[in-house]
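Rule-based calculations on the coordinates, nothing more; no lab input. Model, not experiment: these values are computed from the prediction. Glycine also receives a Cβ, built like all others from the backbone with ideal geometry; neighbour counts cover every protein chain displayed.
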Amino acid sequence: MGANASGKTEIALELARQAGGEIISADSKQVYKFMEAGTAKPRGSWGETPAGRAYLVEGIPYHLVDTLDPRASYDAGEFVKEAKRLLPEIWARGKLPIMAGGTGMYVQAFWNGLDELPPADPALREKLSALAAASGKEVLHAELASIDPEAALRIPPGNVQRVIRAIEITRLAGRPVSQLWSGKFFNALPAHEGKFVFLKWQKDLLGERVKRRTAGRFDEWEAETRLLLEKGYAEDCPGLKTLGYPQMLDYLAGRINRQETIRLITGASMAYAKRQNTWFGRYKNAMLIELNKFEEYDPKAIAERILNA
């Protein structure tokens, strides 16, 4: 677990090499097809294995990436269903399951379960997304505060998707979403069932990693986004709403320049990283690996440290 650009993928692959594992991606963005540069999806290709067709990265099966059309929505419930199917299959093949990703809600939902809540309402989500786009995330958050003050205190304005989901549930259920939360979702992770690891970079170093990655992949990201539009994907489809793509769309439309695009994506990425670190920081029983110098990031050594802990 860790913030974006913290190096989770490289360490997961090293763990898989050293321990004979397969990886389950706990990432809400890498699940989409045709989106690599902007999601930092691991470079790989689809191929045949004894267990069937799989996305392979350096020969290692990397599950729950590159499977979903960008027009489709994906949530924690879908992730849990797929991950629970995969886990026993990986064990049955004599491999070590390695879950890697930065979507904290997916990790939490898998290990602690989800509350029974109303299913998504696409029309309502579209309306709320339009409100956020037109009036701003603060207006959307104020809407949540008016119908469920407790939920508004627990969900920050910047987490637009969670705000939308909270409003959606409250309206569909006819009662505040905070009254439907059982509390189990926020339990500590069950350390007796797995080994949990949290990679935490010093803030300025992480910011530099994010900036370098954004700048280094910019041309590819631009071409990728342009191709998605040429394929007919709408700017407001779920895939193109993911982190960084709205800014890239503004760049392609000529509304901002390259330097400003990199600055805005880096800023949005760091704001997200702050929320990720806050989320994962709650897990006091996780193995904490702090990185305070660039040279401390050595995937092979870190993987060995994890396996020997």
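For the stretch 122-181, count all C-alpha to C-alpha pairs, find those more than 20 Å apart, and express that count as a whole percent of the total. Spell out each step's value before the answer.
Numbers: 246 of 1770 pairs.
Counting every Cα pair in the stretch 122-181, those more than 20 Å apart make up 14 percent.
Taking each pair of distinct Cα atoms in the chain once, what is the resulting Kirkwood hydrodynamic radius in Å?
Details: mean 1/r = 0.0488 Å⁻¹.
By the Kirkwood definition, the hydrodynamic radius is 20.5 Å.
For 302, 256, 155, what's the fewest-to-most ordering of other Cβ within 10 Å of each Cβ?
Numbers: 302 20, 256 16, 155 23.
Sorted ascending by nearby Cβ count, the order is 256, 302, 155.
Can you give the direction-averaged projected area of the convex hull of the alpha-carbon atoms in the stretch 89-158, in nm²?
On the way: hull surface 28.2 nm².
Its average projected convex-hull area is 7.0 nm².
Assuming R0 = 41 Å, what is the FRET efficiency of residue 285 and residue 73, from their Cβ-Cβ distance, to the nearest 0.05? Don't skip to the answer; put the middle values down first.
Values: r = 32 Å, r/R0 = 0.78.
The value I calculate is 0.80.
Write down the Kirkwood hydrodynamic radius of the stretch 107-213, to one decimal in angstroms, obtained as one divided by the mean of 1/r over all alpha carbon pairs. Mind dumping the intermediate values first?
Numbers: mean 1/r = 0.0624 Å⁻¹.
So the Kirkwood estimate lands at 16.0 Å.
First select every other residue whose beta carbon is under 9 angstrom from the beta carbon of residue 2; then total the charges, Lys and Arg +1, Asp and Glu -1.
Working: positive: 8, 200; negative: none.
The answer is +2.
Taking 0.36 nm per residue of sequence separation and subtracting the Cα-Cα distance, how much length would be gained by fully extending the chain between residue 229 and residue 255, in nm to one decimal?
Values: separation 26, 0.36 × 26 = 9.36 nm, distance 1.66 nm.
Full extension from residue 229 to residue 255 adds 7.7 nm.
Which whole-number percent gives the relative contact order of the stretch 122-181, counting Cα pairs below 8 Å spaced six or more residues apart?
The value is 31 percent.
Considering all projection directions equally, how large on average is the shadow of the alpha-carbon convex hull of the stretch 169-230, in square nanometres? Before the final figure, lay out each step's value.
On the way: hull surface 36.9 nm².
Computed as one quarter of the Cα hull surface, the answer is 9.2 nm².
Each label point is 7 Å from the Cα along the Cα-to-Cβ direction; what then is the distance between the points at residue 19 and residue 114, in nm?
2.6
Could you tell me the distance between the Cα centroids of the stretch 273-309 and the stretch 191-267, to the nearest Å?
22
Below 8 Å between Cα atoms, with a sequence gap of 6+, how large is the relative contact order for the stretch 176-309 in percent? Don't jump to the answer; show the numbers that get you there.
Details: 84 pairs, mean separation 60.2, N = 134.
Reported as a whole number, the value is 45 percent.
In the stretch 42-183, if every C-alpha pair distance is counted and binned at 5 Å from zero, what percent goes to each bin?
Percent of pairs per bin, in order: 2, 8, 15, 18, 17, 12, 10, 8, 7, 3, 0.
How much length is gained on full extension from residue 138 to residue 173, taking 0.36 nm per residue of separation minus their Cα-Cα distance?
On the way: separation 35, 0.36 × 35 = 12.60 nm, distance 2.34 nm.
Here the segment from residue 138 to residue 173 would lengthen by 10.3 nm.
Tell me what the chain gives for mean residue ellipticity at 222 nm when only DSSP H runs of n ≥ 4 count, each as -39,500 (n - 2.57), the sum divided by the residue total, rounded to 500 deg cm²/dmol.
Working: 12 runs with 151 residues, N = 309.
Taking each H run of at least 4 residues, the total per residue is -15500 deg cm²/dmol.
Report Rg/Rh for the stretch 1-99, rounded to two decimals, where Rg is the Cα radius of gyration and Rh the Kirkwood radius.
Working: Rg = 12.8 Å, Rh = 13.8 Å.
That ratio equals 0.93.
For the stretch 215-283, what Kirkwood radius comes out of the mean inverse Cα-Cα distance, in Å? Provide the component values of the computation, followed by the final result.
Numbers: mean 1/r = 0.0769 Å⁻¹.
One over the average 1/r among Cα pairs gives 13.0 Å for the stretch 215-283.
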